[in-house]
Structure formats: structure tokens, C-alpha cells
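J.: Sharing a structure below in C-alpha cells format, with a few things to ask.
The values are calculated or read from the model by the stated rules, or taken from the named source; none is laboratory data. Everything numeric in this text was worked out from a predicted model, so none of it was measured. Backbone-built Cβ (ideal geometry, glycine too); neighbour counts: all protein chains shown. What goes into the accessible areas is simple: the full protein's heavy atoms, side chains included, and nothing from ligands, DNA or RNA. Shrake-Rupley method; radii C 1.70, N 1.55, O 1.52, S 1.80 Å.
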Amino acid sequence: TTVKGLIAARLDALPDAARAVLLDAAVVGNVFWRGVLERITPSNDSLSAALAELERRDLVRRQTVSAFEGDHQYSFNHVLVRDVAYELLPRAKRQERHRETALFLEEMSAGVGEAGASLARHWRDAGDQARAIDYFVAAAEIAENGWAKERALELYREALQLAALSAPDRRAELRRRVAVADVASFHLIDARLAGRGEAGQS
């Protein structure tokens, strides 16, 4: 609590433009892109100066490689800075920014791919539970096909948790998917253990 208080005081001392950009970036995640910040606040002419100020104060850093070609990728220098910045933003503004981030990711991502789970969580926090469930399921299916059975189970469970609150008509289907993924993940663990046992005997 004391550390978070110190960080909050440090963020409150930032110039207004830099503080606003940092709070917007916190909604995107520990990694964020200039393009999404431009989308969140298209009228912000001081974005370059604000990002430079945040780098100078060692709060964020620009990365040499970006997930999206032609866009600048940044990351927070510490997860606690991102957490405190996120908490400082009012809930209604968070929802708006989650929505803009989700739309940005939809435009920039070719299909669901690696962005699926991130899209699901941004739509969830934007208040669009139906879209979030769809993305959780799509990401889980990709994980299943890639033999990431435990990851698939985790994503199906997140979808089911949302459905329990907002989509009762989808609960039966998602319970079945969770059950199937649960069995598959146990079989995967058994296969790993068997493989280790055989390796130990050889």
C-alpha cells in the first residue's frame, strides 16, 4: 500500500498531458502502442512530447520490435506503475478506453490469433459480454488445436464465468466445453508423466 501511494504521488506530479497518456496506456496493458493512444485521444497533439517525457522519467520505454508493423510499441517499466495508473482512471473512462483498445486490436490483428484472449478481456471490461464470450471461445479453440489444453481450459472457464452472469442460453454449451477441455488437460498431464517415466527408465 505504501509503495502504491508513493507511485500515485509520483504520477500526480506529472505534467497533465503526460499523466493523461500514461493513464490511457495503462488500460491497454503492460505493453501498448502509439496507434491505440492516437485512437483513444485523436485530438492529443502533444502525444510525442508526452511519451518522451514518460520515457525520460523512466516510467515507460519504447521497444525495438513491435507486434504491429509500422507502429511504435512501448511497455511500462514496472507492473506496479501500470496498476496504479489504471486505478487512477475513473471506471467510466476505463470502459471507453477498453472499447477503443478492442477495436484497435480487431483492426490490427489478422483474425483472432494471439490477440484473442486480450480482445476477450478488453470487450469484457468494456461491458460487451457477448463479444467477450465469443473471443474467449475462439481463443480457447485455437489453444486446443495447438495442444495447449490447459490454456484452453482456462479460457473456456473465463467464458463460462461471463455466461453465468450475462448469457444463460450459452451456459450448457460452455459447461460441456469446459468438461471436455478438463478431461483433455488431464490426459495431457498423464502423457507428460508417462513420458518422464519412460525417459527415467531408459
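J.: Counting helices only, and only those DSSP H runs with n ≥ 4, report the 222 nm mean residue ellipticity of the chain as the sum of -39,500 (n - 2.57) divided by its residues, in deg cm²/dmol to the nearest 500.
T.: Calculated mean residue ellipticity at 222 nm is -23500 deg cm²/dmol.
J.: Using a Förster distance of 45 Å, how high is the FRET efficiency between Val65 and Val183, based on the Cβ-Cβ distance and rounded to 0.05? Let's see the in-between values first.
T.: Numbers: r = 39 Å, r/R0 = 0.86.
For Val65 and Val183, the calculated efficiency is 0.70.
J.: By how many degrees, 0 to 90 and rounded to 10, does the Cα axis of helix 171-201 deviate from the longest principal axis of the chain?
T.: That helix lies at roughly 70 degrees to the long axis.
J.: With only Lys, Arg, Asp and Glu charged, each at its Cβ (+1 for the first two, -1 for the last two), find how big the charge dipole of region 76-139 is about the Cα centre; round to the nearest 20 debye.
T.: Values: 9 positive and 10 negative charges, 47 e Å.
Once rounded to the nearest 20, the dipole reads 220 debye.
J.: Determine the share of the chain's accessible area contributed by carbon and sulfur atoms, expressed in whole percent, with a 1.4 angstrom probe. Kindly include the intermediate steps, with their values, before the conclusion.
T.: Details: 5760 of 11140 Å².
Answer for the chain is 52 percent, counting heavy atoms of protein chains only.
J.: How large is the charge dipole for the chain, taken about the Cα centre, if only the Cβ atoms of Lys, Arg (+1) and Asp, Glu (-1) carry charge, to the nearest 20 debye? Let's see the in-between values first.
T.: Values: 28 positive and 30 negative charges, 104 e Å.
Taking the Cα centre of the chain as origin, the dipole is about 500 debye.
J.: In the chain, with Lys and Arg counted as +1 and Asp and Glu as -1 at Cβ, which of these residues, Gln73, Ala152, Pro90, has the Cα nearest the positive end of the dipole, that is, farthest along it?
T.: The residue sitting farthest along the positive end of the dipole is Pro90.
J.: Now for a different question. Can you tell me the FRET efficiency between Glu55 and Glu107 if r is taken as the Cβ-Cβ distance and R0 is 35 Å, rounded to the nearest 0.05? Could you put the intermediate results ahead of the total?
T.: Numbers: r = 26 Å, r/R0 = 0.74.
After rounding to 0.05, the efficiency reads 0.85.
J.: Considering the options Ala184, Trp123, Leu51, tell which one lies farthest towards the positive end of the dipole of the chain, charges being +1 on Lys and Arg and -1 on Asp and Glu at the Cβ, about the Cα centre.
T.: Ala184
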